Every structure is written in structure tokens, then in C-alpha cells.
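The values are calculated or read from the model by the stated rules, or taken from the named source; none is laboratory data. From a predicted model like this one, the values you see are computed outputs, not experimental measurements. For neighbour counting, all protein chains shown are included, and Cβ atoms are generated from backbone atoms with ideal geometry for every residue, glycine included. We work out accessible area using only protein heavy atoms, side chains counted, and drop any ligands, DNA or RNA first. Shrake-Rupley method; radii C 1.70, N 1.55, O 1.52, S 1.80 Å.
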Amino acid sequence: LKFILLYGILIILSDNLNALNINTDSVLCLIHSMPQDSTRLYMLKEWTIRTADTPEEVIFLDAMQKEAEFQKNLKYLFYAHRNKVRYYYNKIDIDNAIAIAEPAIALFQKHKQLQYLFELKSMIINLHTWNEEYETALFKGKTMYKEAKSLKCKEGMYSACFVLGYANYVSGRYQDAISWYKQ
């Protein structure tokens, strides 16, 4: 029952904030009004989904990261890190994406979260490719492939092959691209 009431309040607040064109002050006010228990993480996640790809999403993700660290909740901590990088990836903001990805990658390596690890590495490699930093993209892609292979992570190897194929194709190395795509 508590969950149903909380979700109802969340929907009402959502409609009201959408009508007000959400701003930073209202986001911070909303965050501070949330309960100080595990429900807070769920609510923060809901708000990150509702505010996806807006500056407010990063505020909610920062709050979620701090709260997840405080509660020692790895599930939400992983989610916050991954989505902060995704936010800057979607904005094609390589500097912020890399700055946020570095501690996230260390966290995912420490906890053996290979799906998140190789997803973030793929995002960073694609950003280098889009930024026409082909040699960096190819170096990082080959390093990613070797790491995935040493960890016996097929999904990581597939991701590495794909980003290497894409970086080679965009840089005009068509035979290398075909080779990586075949692999």
C-alpha cells in the first residue's frame, strides 16, 4: 500500500513539474522531499527516466549515486554511473563522458560488471571515432578486444569488433573494417 501511494504521489508530482517546465530549483526541492530510505533510490530512478536527456537527469543521477553509495546499493550505483556516461555520450560531449567513465570503468572492473564495462568502453570508443580521433579509437578498441578475450566475455569481444569495424570504416580502412566485422 505504501508503494502504491508513493507511486501515485510521484505521478501527481510528475504532472505538476511537467506543467511547470522543470527547473533545477524544483528538482532539488523534489529530491530533498523524498523519503530517506530505499524507496528514495527507486524514486530517483523513476525521475531519471522521466527527465532523460535533460540537464535535470544529471542532477537526479548525481543524487542517486550519492544515495546508492550511502546505502551501499550497487544496483543503483551501477545504474547511476552508466547513465551519467550515456547522458554525455548522447550529447556527444567526449570530455565529460571520459571524465565520468574513468571511475565508472574502475567500479565495473572491481565488481566484474562486464556488460556495463564493455558498454561504457564502446561508448568512449565511438565518441573518439565521431571526433575523428581514429588512432585513439582503434587503439582503445584493440585494447578492449584483448581485455574481453582474456576475460572470455563474448559480448565484450563482439562489441569490440563492432566498434573497431566502425572506426576502420569511418576512417577509410575498408578492408580492416570488413575483417573486424567478419570476426
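Net charge around Ala52, counting only other residues with Cβ within less than 14 Å of its Cβ (Lys, Arg = +1; Asp, Glu = -1)? Walk me through the intermediate numbers first.
Numbers: positive: Lys45, Arg50, Arg82, Lys84, Arg86, Lys91; negative: Glu46, Asp53, Glu56, Glu57.
After counting each charged neighbour, the total is +2.
Please provide three numbers in whole Å: the alpha-carbon extents of the stretch 128-183 along the principal axes, with the largest listed first.
Principal extents (largest minus smallest coordinate, Cα): 30, 21, 12 Å.
Taking every Cα atom in the stretch 56-166, find the radius of gyration and the maximum pairwise distance Dmax, and write them in Å.
Radius of gyration, then largest Cα-Cα span, for the stretch 56-166: 14.0, 41 Å.
Hey, what's the stretch 32-168 come to in accessible area per residue, 1.4 Å probe, Å²? Present the calculation step by step, with values, prior to reporting the outcome.
Details: 6920 Å² over 137 residues.
That works out to 50 Å² for each residue.
Farthest toward the dipole's positive end in the stretch 91-137, which of Ile125, Pro103, Gln115, given Cβ charges of +1 (Lys, Arg) and -1 (Asp, Glu) about the Cα centre?
Gln115
Under 25 Å from the Cα of Lys66, which lysines turn up, not counting those fewer than eight places away in the same chain?
In chain and number order, the partners are Lys2, Lys45, Lys75, Lys84, Lys91, Lys110, Lys112, Lys121.
Modelled label-to-label distance, Asn96 and Thr136, 7 Å Cα→beta-carbon offset: nm?
1.7
Taking the alpha-carbon centroid of each part, what is the distance from the stretch 124-180 to the stretch 80-99 in angstrom?
19
Taking the Cα centre as origin and putting +1 on Lys and Arg beta-carbons and -1 on Asp and Glu beta-carbons, what dipole magnitude results for the stretch 79-129, to the nearest 20 debye?
Details: 7 positive and 4 negative charges, 43 e Å.
Charge dipole of the stretch 79-129: 200 debye, to the nearest 20.
Might you work out the accessible area of Lys45 for me, using a 1.4 Å probe with all protein chains in place, and round it to the nearest 10 Å²?
60
Can you compute the charge dipole magnitude of the stretch 118-181 about its Cα centre, using +1 on each Lys and Arg Cβ and -1 on each Asp and Glu Cβ, nothing else charged? Give it in debye, rounded to the nearest 20.
Numbers: 8 positive and 7 negative charges, 64 e Å.
It works out to roughly 300 debye.
In square angstrom, rounded to the nearest 10, how much accessible surface does Ser150 have for a 1.4 Å probe?
About 90 Å², ignoring ligands and nucleic acids.
Can you put Trp180, Trp47, Trp130 in order of accessible area, largest first, using a 1.4 Å probe? Intermediate results must be reported in sequence, preceding the final value.
On the way: Trp180 45, Trp47 0, Trp130 100 Å².
Highest to lowest solvent-accessible surface, that is Trp130, Trp180, Trp47.
Determine the dipole magnitude for the stretch 76-183: charges of +1 sit on the beta-carbon of Lys and Arg, -1 on that of Asp and Glu, nothing else is charged, the reference point is the Cα centre, and the result goes in debye to the nearest 20. Present the calculation step by step, with values, prior to reporting the outcome.
Values: 15 positive and 10 negative charges, 106 e Å.
Value, rounded to 20: 500 debye.
On a full-extension model of 0.36 nm per residue, what is the gain between Leu151 and Asp53, subtracting their alpha-carbon distance, rounded to one decimal in nm? Show your work: numbers first, answer last.
Working: separation 98, 0.36 × 98 = 35.28 nm, distance 3.26 nm.
Roughly 32.0 nm would be gained on extension.
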